[in-house]
Amino acid sequence: MIDKKSEGLITVLSGPSGAGKGTVLKRVLEIKNDLKLSISATTRKPRNGEKNGVNYFFKTNEEFEKMINQNELVEWVEYCGNYYGTPMKYLLDLIYNGIDVILELEVNGALKIKKSNPECILIFITPPSFNELKKRIKGRGTESNDVIKKRLSESKEEFKQVNSYDYLVVNDNLNKAVSDVISIINAEKLKTERNNKFEF
Ligand code: 5GP
């Protein structure tokens, strides 16, 4: 049995596509280099510049379904026509070794992790308004009109779950959003029940 003080903290970032989660996450990882990223598996095709084993483990449908059947995923979902899931072994190895992990998940996956792991912290990142979200997702130019539509309607659904999150960070200003996320993680690590820096 591992006690809570020596276990790594799990932080989950969610938010609508276009909220800037990816950019916030990248900056947080650059600044907090004791934090490790959990790399998800997906059947989505790689975007320009994305690398297997860095951004995602890119899988075929058959490979992904095999991972599901062999219980290799902590959670998985179907999102906008593709599978996404969190590989179990990597995540558990890290937290049992006291390493803090950050995950970027859509809402259903985040809520599943919270259910099986109530100590984890959920942070919802949002742009300041729905119009701003539309502008950002269109401006990114990486998705077809159909996919943009799907993602925008998915975003509205995701917003409905915002009250299940522990923290809400508005990404109006990137530096502020990054420092908010880091402050949340640092404060959570100082909570009495988690603080392993002091012994009587
Ligand atoms: P994208 O295709 O834009 O990289 O990701 C689409 C959505 O899937 C994002 O909201 C992202 O956070 C989420 N996502 C990425 N990996 C996982 C995962 O392993 N599990 C779940 N539930 N969602 C994921």
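Any read-out appearing in this document is the output of simple, stated calculations on the displayed coordinates, not a laboratory observation. All figures in this text were calculated on a predicted structure; none of them were measured in a lab. Don't worry about glycine lacking a Cβ; one is built from the backbone with ideal geometry, like all the others, and counts go over all protein chains shown.
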Handout entry: Full-stretch length increase - N145, K26 - with 0.36 nm per residue and alpha-carbon distance subtracted
Key = 40.2 nm
Exercise for the section: Report the label-to-label distance for D34 and I182 in nanometres (one decimal), using points 7 Å from each Cα along the Cα→Cβ vector. Expected result: 1.4 nm
Handout entry: Whole-number D in µm²/s for the range 98-163 (Stokes-Einstein; Kirkwood sum over Cα pairs; 10 °C, 1.306 mPa s)
Key = 116 µm²/s
Practice task
Calculate for the chain the 222 nm mean residue ellipticity that helices alone would give, adding -39,500 (n - 2.57) per DSSP H run of length 4 or more and normalising by residue count, nearest 500 deg cm²/dmol.
Solution key: -12500 deg cm²/dmol
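Please work out how much length the chain gains when fully extended from N131 to S153, using 0.36 nm per residue of separation minus the C-alpha to C-alpha distance, in nm with one decimal.
Numbers: separation 22, 0.36 × 22 = 7.92 nm, distance 1.28 nm.
Working it through step by step, the gained length comes to 6.6 nm.
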Practice task
With only alpha-carbon atoms counted, please give the Rg and Dmax of the chain, in Å.
Solution key: 16.9, 60
Exercise for the section: Please return the longest stretch of the chain lacking exposed loop sites, where trypsin sites (Lys or Arg not before Pro) count only if DSSP places them in a loop and at most 10 other Cβ atoms lie within 10 Å. Expected result: 52-159
Practice task
Using only Cα atoms, find the angle between the long axis of helix 174-190 and the longest principal axis of the chain, and express it within 0 to 90 degrees, rounded to the nearest 10.
Solution key: 30 degrees
Problem - Counted charge near G18, where neighbours are those whose Cβ lies closer than 15 Å (Asp, Glu -1; Lys, Arg +1) - result: +3
Problem - Sorted largest first, extent of the range 72-189 alpha carbons per principal axis (Å) - result: 43, 33, 24
